[in-house]
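What follows is a single structure, written as structure tokens, with notes after it.
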Amino acid sequence: MAIEPLQMSKGMTESIEKEIPLVTVKGLSKQFGSGCEYCSTPSHEEKEGNRCKHCGSIWAVRDIDFELYPGEILGVVGESGSGKSTMIRSLFLDEEVTNGSMTVSTYNKGKINIFNASAQQKRYIRNHVMGMVYQNPYLGLRMTFSSSGNIAEKLIAADNFHVGKIRERASELLDKVEIPISRMDEPPKNFSGGMQQRVQISKALANNPPLLLLDEVTTGLDLSVQAKVLDLIRSLQRELNVAMIVVSHDLGVIRMLADRTMVLRQGLVVEKGLTDQILEDPQHPYTQLLVHSLL
Amino acid sequence: MQTAENRWFETTNYNFAFLDEGSKREIRRKTLKAVAIPGYQVPFASRELPIGRGWGTGGLQLTLSLIGKKDCLKVIDQGNDDSVNAVSIRRLVMETTGVTTTEETGEATLIQTRHRIPEETLREDQILILQVPQPEPLRRVEPSEEVTRRQHAEMDYSAKWLQLYENIVKWGNITIGADYPVMVQQRYLMAPSPIPRWDNPKIHQANYLSLYGAGREKKIYAIPPYTDVVSLHFEDYPFEVESFTGKACRHCGSTHTFLDEITDERTGEKLYQCSDTAYCKKRQKEQRGTEVSHGN
Ligand SMILES: Nc1ncnc2c1ncn2[C@@H]1O[C@H](COP(=O)(O)OP(=O)(O)O)[C@@H](O)[C@H]1O
Ligand SMILES: [Mg+2]
Ligand SMILES: [Zn+2]
């Protein structure tokens, strides 16, 4: 780690060194297409782009490294097509990665690269270790089943087979995301977009995972609804101390939520650091462009 | 007795038990695999038979591949030995094998059945063969075969449980009547075929072999003797069989069998009778026998 010890008090260095990352990702790459001899490894050159001139394959995500600490919110920002969804889908094991490793300290003491876990282990991880909130609620919810049933599915996957207890937990979760308990057995298809995202969040949190992944949760919602959902996410993070990776094309969303931020462009991380620092003093021309358009 | 004149076709042109030896061996191999992995659906190359698919051809292929000259066959359709379906299956097997058939559960070595398990407890030396229309217990909640195969591999049955949960939310209890899903040996979710819930407890730790054949869906599965078979249930919503409290069979007076409800056309009165007709007849005979022996 590139820490300048002289600029920090002794206590601070110690506390940083002691804390173990919840998530460690190394060399995460994902290629779409079969690839060819010219694109067998992802280029780190920004100029080269992410699309192979010879075979058309795309390195949607190129050699991403990061660490996420318990209870921290990491923002990932970038324009459409920069690889944000591919990255987060890879982390949630929706997408088979091409290269890389991911460890989670609470799963097998962080000793297993979960990208290589067995299908059964992956299922366990998706039910217990992380939750996902998709931009499109149709991907995360069974729209015609009851809302409580959507949560029940997660609880059942974690071996809860007592209907009374399942319903108790479902109402507790729905209450947390401000869905009236009187509507817990209504299907999400009856709900507004903002409410659907709330149900998705409560479902993702059903088994108290230490990590929540959110892909453009507020994109497409009315501005007033967006603000409320963002408030909810922040208060949940404080209350439950759950770590989050928040992906958005909107730097405004990232500014509201993220402690640290990575800027993604054509699958490459072009800048990363504390969100405040990035906003105040962006280094990369692309980040400068993003920040200036925000002002 | 069947005579050569009223045979459907010239059986001498066919192999013993209609199927050729290669096909029978292949089905037996798949059956052995099914026995080795209780509750797991083994794909097999379903053969053409002179009976339409969906009319018990899965069960029939199992019967034909297993039957030997010394076997005695019983065929039941919804508890009844006399339905058109049961009769035509029995005739086909009889004419192509010459084996004896019976309606007495105790006499049979092979019992092919649709929608019921006999009331009389079977013995270790008997084999029960069930006709299966839909072998996939997850099909109602997941249309894709690729996905259900993965769900079985990963033991991912939460979608089925969710169906039960939704039942309870909507109707206050689990509303599945026949073909109530079971967990086999704590591993595979299995469709017991459209038997009433009444019959589910019979397959748990049964002392005989049950084989399930789905001809149209090309699947074989099995429950070997002494296998755990548990009907899905929530801790606070126990599994329950149909209740016939206060009802009795109008023929044999039974209060411990699965009863069919019929309406008397003249009086409009609701009447009940054993669905397992062979068992009912046996009881009636025994009751008459007792009366007679009193006279002696
Ligand atoms: N399933 C796929 N097949 C082929 N290319 C894909 C697929 N998914 C994404 N891509 C490509 O990968 C790149 C990154 O896409 P995506 O991760 O969706 O970006 P973002 O979420 O930042 O908009 C894009 O060039 C996109 O076209
Ligand atoms: Mg996206
Ligand atoms: Zn290429």
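Yes/no per residue for (1) surrounded by fewer than 23 Cβ atoms within 10 Å (Cβ to Cβ); (2) more than 16 Å from ligand 2 (Cβ to nearest atom); (3) closer than 30 Å to A:Gly252 by Cβ:
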site	(1), (2), (3)
A:Gly75	no, no, yes
A:Gly78	no, no, yes
A:Ser82	no, no, yes
A:Ser85	yes, no, yes
A:Ser101	yes, yes, no
A:Asn116	yes, yes, no
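The residues listed here are B:Ile168, B:Ile174; of these, the one that is of a type in the set (A, V, I, L, M) and either more than 24 Å from the chain's Cα centre (by Cα) or away from chain A (no Cβ under 14 Å) (or both) is B:Ile168. Checked against (1) in a helix (DSSP H, G or I); (2) out of contact with any helix residue (DSSP H, G or I) (no Cβ under 6 Å at 6 or more places or on another chain); (3) modelled with pLDDT under 95, A:Asp276 passes all but condition (3).
Residue under question is B:Leu164, and the condition is that it be farther than 24 Å from B:Leu209 by Cα and in contact (Cβ under 8 Å) with a residue 40 or more places away in the chain; does it hold? Taking the combined requirement at face value, the residue satisfies it.
Within the range B:257-271, the set of residues being assigned to a loop (DSSP other than H, G, I, E, B) and either aromatic (Phe, Trp, Tyr) or farther than 20 Å from B:Asp77 by Cα (or both) comprises B:Phe258, B:Asp264, B:Glu265, B:Arg266, B:Thr267, B:Gly268, B:Glu269. Taking strands (runs of 3 or more DSSP E) as the structural unit, no element lying wholly within the range B:166-224 holds at least 3 residues that are more than 22 Å from B:Met155 (Cα to Cα) and in the same structural domain as B:Thr257 (by TED's automatic domain parsing). Candidates B:Glu154, B:Glu95, B:Glu119: the one that is in the same structural domain as B:Ile51 (by TED's automatic domain parsing), farther than 24 Å from B:Pro50 by Cα and in contact with a helix residue (DSSP H, G or I) (Cβ under 9 Å, 6 or more places away or on another chain) is B:Glu119. Restricting attention to the range B:128-159 and to residues that are among the aliphatic types (A, V, I, L, M) and out of contact with any Gly (no Cβ under 7 Å at 6 or more places or on another chain), the residue that is farthest from the other protein chains (Cβ to nearest Cβ) turns out to be B:Leu128.
Could you give me the residue pairs with C-beta distances under 6 Å whose first residue belongs to the range A:99-122 and is farther than 26 Å from A:Ser40 by Cβ, whose second residue is surrounded by fewer than 17 Cβ atoms within 10 Å (Cβ to Cβ) wherever it lies, and which are 6+ apart or on separate chains? Cβ pairs passing all conditions: A:Ser105/A:Ile20; A:Ala119/B:Glu154; A:Gln120/B:Glu154. If you go through the range A:45-67 and keep only what is of a type outside the set (Gly, Ala, Ser), touching a strand residue (DSSP E or B) at 6+ places or on another chain (Cβ under 8 Å) and not in a loop (DSSP other than H, G, I, E, B), you end up with A:Glu46, A:Arg51, A:Ile58, A:Trp59, A:Val61, A:Arg62, A:Asp63, A:Ile64, A:Asp65, A:Phe66, A:Glu67.
Can you tell me which residues in the range A:150-160 are crowded, with 17+ Cβ neighbours inside 10 Å and hydrophobic (A, V, I, L, M, F, W, C)? Step through it out loud before you land on a result.
Of the residues in the range A:150-160, the ones crowded, with 17+ Cβ neighbours inside 10 Å are A:150-157, A:160.
Correct list: A:Ile151, A:Ala152, A:Leu155, A:Ile156, A:Ala157.
Considering the range B:35-64 alone, what residues qualify as being polar (S, T, N, Q) and either outside the structural domain of B:Gln131 (by TED's automatic domain parsing) or closer than 22 Å to B:Thr105 by Cβ (or both)? Scanning the range B:35-64 gives a single hit, B:Thr63.
Of the residues B:Ala206, B:Ala191, the single one that is more than 14 Å from chain A (Cβ to nearest Cβ), crowded, with 16+ Cβ neighbours inside 10 Å, among the small types (Gly, Ala, Ser) and in contact with a Pro (Cβ under 6 Å, 6 or more places away or on another chain) is B:Ala191. Quick check on my filter: what residues within the range B:59-85 are of a type in the set (A, V, I, L, M, F, W, C) and in contact with a Ser or Thr (Cβ under 9 Å, 6 or more places away or on another chain)? Within the range B:59-85, B:Leu62, B:Leu64, B:Leu66, B:Ile67, B:Cys72, B:Leu73, B:Val75, B:Ile76 qualify.
Taken over the range B:272-296, residues that are modelled with pLDDT of 95 or more and not in a helix (DSSP H, G or I) amount to 5. Determine whether the range A:216-227 contains at least one residue that is in contact with a helix residue (DSSP H, G or I) (Cβ under 7 Å, 6 or more places away or on another chain) and among the acidic types (Asp, Glu). Checked against the condition, which is being in contact with a helix residue (DSSP H, G or I) (Cβ under 7 Å, 6 or more places away or on another chain) and among the acidic types (Asp, Glu), the range A:216-227 yields no hits at all. Out of all the residues in the range A:88-96, is one or more crowded, with 16+ Cβ neighbours inside 10 Å, hydroxyl-bearing (Ser, Thr, Tyr) and modelled with pLDDT under 95? No; the residues of the range A:88-96 include none that is crowded, with 16+ Cβ neighbours inside 10 Å, hydroxyl-bearing (Ser, Thr, Tyr) and modelled with pLDDT under 95.
Have a look at A:Leu205, A:Leu214 and point out the one that is closer than 21 Å to A:Arg123 by Cα, under 23 Å from the mean Cα position of the chain (by Cα), away from every other protein chain (no Cβ under 14 Å) and crowded, with 23+ Cβ neighbours inside 10 Å.
A:Leu214
Taking the range A:1-46 as the search range and keeping residues that are over 21 Å from A:Glu96 (Cα atoms) and of a type in the set (Val, Ile, Thr), which one is modelled with the highest pLDDT? So the residue we want is A:Ile20. When residues in the range A:243-262 are screened for being assigned to a helix (DSSP H, G or I), within 16 Å of ligand 1 (Cβ to nearest atom) and either within 16 Å of A:His292 (Cβ to Cβ) or among the charged types (D, E, K, R) (or both), 2 of them pass. Of the residues B:Tyr237, B:Tyr272, only one is outside the structural domain of B:Ala36 (by TED's automatic domain parsing), in contact (Cβ under 8 Å) with a residue 12 or more places away in the chain and within 30 Å of A:Ile166 (Cβ to Cβ); which? Result of the check over B:Tyr237, B:Tyr272: B:Tyr237. Quick one: would you say A:Asp63 is within 16 Å of ligand 1 (Cβ to nearest atom) and within 30 Å of B:Ser158 (Cα to Cα)? For A:Asp63, the condition - within 16 Å of ligand 1 (Cβ to nearest atom) and within 30 Å of B:Ser158 (Cα to Cα) - is not met. Of the helices (runs of 4 or more DSSP H) lying entirely inside the range A:68-182, those containing at least 2 residues that are within 12 Å of chain B (Cβ to nearest Cβ) are A:119-124, A:147-157, A:163-176.
The values are calculated or read from the model by the stated rules, or taken from the named source; none is laboratory data. Being a predicted model, the structure only gives us computed values, none of them experimental. Here the Cβ is made from the backbone with ideal geometry for all residues, glycine too, and neighbour counts use every protein chain on show.
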